[in-house]
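The structure appears below as structure tokens.
The values are calculated or read from the model by the stated rules, or taken from the named source; none is laboratory data. Please read these numbers as outputs of a predicted model, since none were measured by experiment. Cβ: placed from backbone, ideal geometry, glycine included. Neighbour counts: every protein chain shown. Note: accessible area is taken over every heavy atom of the protein model, side chains too, but ligands, DNA and RNA are not part of it. Shrake-Rupley method; radii C 1.70, N 1.55, O 1.52, S 1.80 Å.
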Amino acid sequence: MARARLVKERPASTPADRRRPIHFAAFLLLADAALVALIVAFVPYTKIDWDAYMSQVDAFREGERDYTKIEGDTGPLVYPAGFLYVYSAIKFLTAGQVFPAQILFGVLYLVNMSLVLLLYVKTEVLPWWALGLLCLSKRVHSIFVLRLFNDCVAMTLLHAAMVLIVYHKWYLGLIIFSGAVSVKMNVLLFAPSLFLLMLKAMSIKGVFLALLGAAGVQVLLGIPFLLSHPVEYISRAFNLGRVFIHFWSVNFKFVPEKYFVSKELAIGLLIFHLTTLMVFAHYNWFKHEGGLFHFVHSRFRDATSIQQLISCKPRQSILSKEHIVTVMFVGNFIGIVCARSLHYQFYSWYFYSLPFLLWRTKFPTVVRIILFVAVELCWNVYPSTAYSSLLLLFAHLFILFGLWSSPAEYPHVDKKEKADSKESGKAM
């Protein structure tokens, strides 16, 4: 009985109720495909980074392996090697022309939307009609098909990794996750949450092997640069200390520039980021295990030998789909809240999680919609202002408060869900 009270209660649903989100998701894909086609056909392309991407790809294809010498008209190359492979393939398919690239990114948009809708349908957190919010962002459509940013590729790979992890394909999910990191490092914002989920679902040996596979992907992709100019590659491709230009900041435009670029702000945000992650992990994500520290202690306490400690999974290791998606989306959102600078294309890092996060709070539906509209409005103010960035920060903090004050979902599957999970795993 005690366990039953921990499980989130849902009203009984009929087969028609369960099919409605699937049918509506299919309709949304078709409608969004038509909208993307109209945007590509009638809305002018916006030149920002495409020419720089093509210049960097040209340098790579011509044999340059020194990252300090691979540049474009917007500056030096600052992305890991996966970026170069992806955009080399794109240039091969499009001959570097914008219009065919827009069509390609339109397809990418629909693939990404399909993955996201699959996550939403499987977790059943939103009412079916709220799935429509995922198609309503003017800014995100622009990021994909009018600006052709590498953020789009990275987030599509990230969502593909999440789908695999939801189906408990941890090793393959980690490989795809590492591939996403190789395109753009913002995906690392999901890493703390993913690591904690791995500790819940896998043995220590399994965690080590999965991380080893992810690291192997980075080494394999970076071999041409690591063998010739390793210091230059690592310092440029994995630079975590970059300071962005104040003008482009969407979230902290109200902070004077001299404070915006200061180390004090960076350190303060980093401390807040790590502290918030730790607090959520201990009091929310590991609540049903007695807290993060109790969970870690129990792993050592229950082991009778080193071999058992390394090889045995936790007693309950099959995680629910809702718990996996919640932990990953919330962990990434905490990173977004604490980011010193969010540029316009960075909206794609968390837009697709916004409806999920809002419905994980206990806010009334009207408040959820207001917050969604407020965030979208802030991202469509150009250039950003002190007022728009203050509103965005307030909305972010309000959502974060709503997530903190909501009860934690039960993290494990019951027997019926476990059987369904095994069947789904076979199908995958």
What are the residues in the stretch 12-63 that are of a type in the set (D, E, K, R), assigned to a helix (DSSP H, G or I) and under 15 Å from PHE99 (Cα atoms), if any? ASP51
Please specify each residue of the stretch 171-220 satisfying the condition of being surrounded by 21 or more Cβ atoms within 10 Å (Cβ to Cβ) and among the aromatic types (Phe, Trp, Tyr). PHE177, PHE190
Of those in the stretch 106-128 that are assigned to a helix (DSSP H, G or I) and in contact with a Lys or Arg (Cβ under 9 Å, 6 or more places away or on another chain), the residue nearest to ALA160 (Cα to Cα) is LEU119
Of a type in the set (A, V, I, L, M, F, W, C), in contact with a His (Cβ under 7 Å, 6 or more places away or on another chain) and open to solvent by 10 Å² or more (accessible area, probe 1.4 Å): is that true of LEU115 in this structure? yes
Residue that is farthest from TYR344 (Cα to Cα) [pool: residues in the stretch 389-419 that are open to solvent by 20 Å² or more (accessible area, probe 1.4 Å), hydrophobic (A, V, I, L, M, F, W, C) and at pLDDT 90 or above]: TRP404
Selected residue (criterion: surrounded by the fewest Cβ atoms within 10 Å (Cβ to Cβ)) from residues of the stretch 361-382 that are in contact (Cβ under 8 Å) with a residue 40 or more places away in the chain and in contact with a Gly (Cβ under 8 Å, 6 or more places away or on another chain): LYS362
Of all the residues that make up the stretch 297-322, how many are free of Cβ contacts under 8 Å to residues at least 24 places away in the same chain and open to solvent by 40 Å² or more (accessible area, probe 1.4 Å)? 10
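Residues are listed down the side, and each one gets a yes or a no for (1) touching a Lys or Arg at 6+ places or on another chain (Cβ under 9 Å); (2) modelled with pLDDT under 95; (3) over 23 Å from ILE324 (Cα atoms); (4) of a type in the set (S, T, N, Q):
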residue: LEU196; (1), (2), (3), (4): no, no, no, no
residue: LYS205; (1), (2), (3), (4): no, yes, no, no
residue: ALA214; (1), (2), (3), (4): no, no, no, no
residue: LEU227; (1), (2), (3), (4): yes, no, yes, no
residue: TYR233; (1), (2), (3), (4): yes, no, yes, no
Mind checking whether some residue in the stretch 261-278 is farther than 30 Å from PHE247 by Cβ, at pLDDT 95 or above, open to solvent by 10 Å² or more (accessible area, probe 1.4 Å) and among the hydrophobic types (A, V, I, L, M, F, W, C)? yes
Quick one: what pairs do we get from the stretch 234-248, first residue surrounded by 12 or more Cβ atoms within 10 Å (Cβ to Cβ), second aromatic (Phe, Trp, Tyr), C-beta under 8 Å, 6+ apart or different chains? SER235/TYR67; ARG236/TYR67; ALA237/TYR67; ALA237/TYR79; ALA237/PHE225; HIS246/PHE260; TRP248/TYR344
